[in-house]
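The structure under discussion appears below in the form of structure tokens.
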Amino acid sequence: MCGYGQRCWGWGHRAPSPMLLLSLLLSAAPFGLLGEETRQVSLEVIPGWLGNPQNLLHIRAVGTNSTLHYVWSSLGPPAVVLVATNTPHSTLSVNWSCLLSPEPDGGLTVLPKDSIQFSSALVFTRLLEFDGTNVSNTAAKPPGKPYPPYSLAEFSWNNITDSLDPATLSATFQGRPMHDPTRAFANGSLAFRVHAFSRSGRPAQPPRLLHTADTCQLEVALVGASPQGNCSLFGLEVATLGQGPDCPSIQEQHSIDDEYAPAIFQLDQLLWGSLPPGFVQWRPVAYSQKQRGRESALPCHASPLHPTLAYALPQSPIVRAFFGPQNNFCAFNLTFGASTGPGYWDQHYLSWSMLVGVGPPPMDALSPLVLGIMAVALGAPGLILLGGGLVLLLRQKQYSEYQSIN
């Protein structure tokens, strides 16, 4: 054991509402973590032990009174550890000999420890595949006959340094199974593209999630892999840390505006109910073509979170290194597509995006187009009533000007 300190994460017995979280945050959270309009963002690949690359990416986003640390890694299954501190001077410390040992506890720390206001993690454990023949309801458990899943802990990943792009604040983990007897990934790969942001904005392509300087985006893309069936549906198993007897819930938000993601009127989010809160946010849509549009949109269904005590998850060294030994993981599955309509089989392509961050989740305001339509729709009856009232007044005035003959 290398030693580790306690961290602050988790939820209560039920997931709090976003409005409750926001009100609590505004009243109780440190001022420096209320949200920064801009941050100084840097990406660094942490040098491996004895010069060997180990694919540890550190994103450091520094604000006026706070720092966000995103530590992404493909050691074991792909994972991210998210830490928020109340100082612009906090730093990441990596003990490689400890991190690469069978018991990596304490191999990953953020200093000073007493500056940590929030910490949690996500682990992407398995790539799932189902027989989607004649399956119309992707909410079924499972959505069709499952094929043997791919454990992402048994993938071989590229050297992250080769894809690091400081200009766009992005990097890509690209991998394929180390053992592939069916050669399903002979011409394919699974990629995790990480993108940080220094200010608010939207990507150019759907689903155009609204990001802020307090968020980081992940795009998952499956490209060129041969499916195990003619009508395969793919999915991801995602795990996170829990606290207490219950797992958090995934909340749905609905809107009348679909300008940024055509035909998608829903936004899903998972909230870590601490102060300040953390969140994962995504639209329930994936795409089967690189040029994303309505014609290539696939439904995305998220299962409820459930404890993983009944089965063992692949261990993420960076999660254990930071949090110590844990058995209170919660997991959920994301399933993409249906047996009808567009699918992975069209071009052997599938992509899905999400945001992870700290503070109140970004909230979409109504777009100018929708506001204009609403103004016309609500203003037209008012103009008609006003015009009718003026006509009546003018006619009444005209009648009053006539003099009686008697």
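List of remarks:
- Heavy-atom accessible surface of the stretch 126-358: percent carbon and sulfur, 1.4 Å: 50 percent
- Per-bin percent of Cα-Cα distances, the stretch 126-358 [10 Å]: 7, 30, 40, 21, 2
- Loop-located trypsin sites (Lys or Arg not before Pro) in the stretch 256-333 (DSSP state other than H, G, I, E, B) with a sparse environment of at most 13 neighbouring Cβ atoms within 10 Å: 290.
- Heavy atoms of residue 195 accessible to a 1.4 Å probe, total area in Å² rounded to 10: 40 Å²
- Computed from backbone phi with θ = phi - 60° and the Karplus coefficients 6.51, -1.76 and 1.60, the 3J(HN,Hα) list for the stretch 81-94 is 10, 10, 10, 10, 10, 9, 9, x, 10, 5, 9, 9, 10, 10 Hz; x is used for glycine and proline.
- Per residue, the stretch 126-358 exposes 41 Å² of solvent-accessible protein surface, assessed with a 1.4 angstrom probe and all protein chains in place.
The values are calculated or read from the model by the stated rules, or taken from the named source; none is laboratory data. Treat the numbers as computed from the prediction; the structure is a model and nothing was measured. A quick note on method: Cβ atoms are made from the backbone with ideal geometry, for glycine too, and the neighbour counts reach across all protein chains shown. With ligands, DNA and RNA removed, areas are computed over all heavy atoms of the protein, side chains included. Shrake-Rupley method; radii C 1.70, N 1.55, O 1.52, S 1.80 Å.
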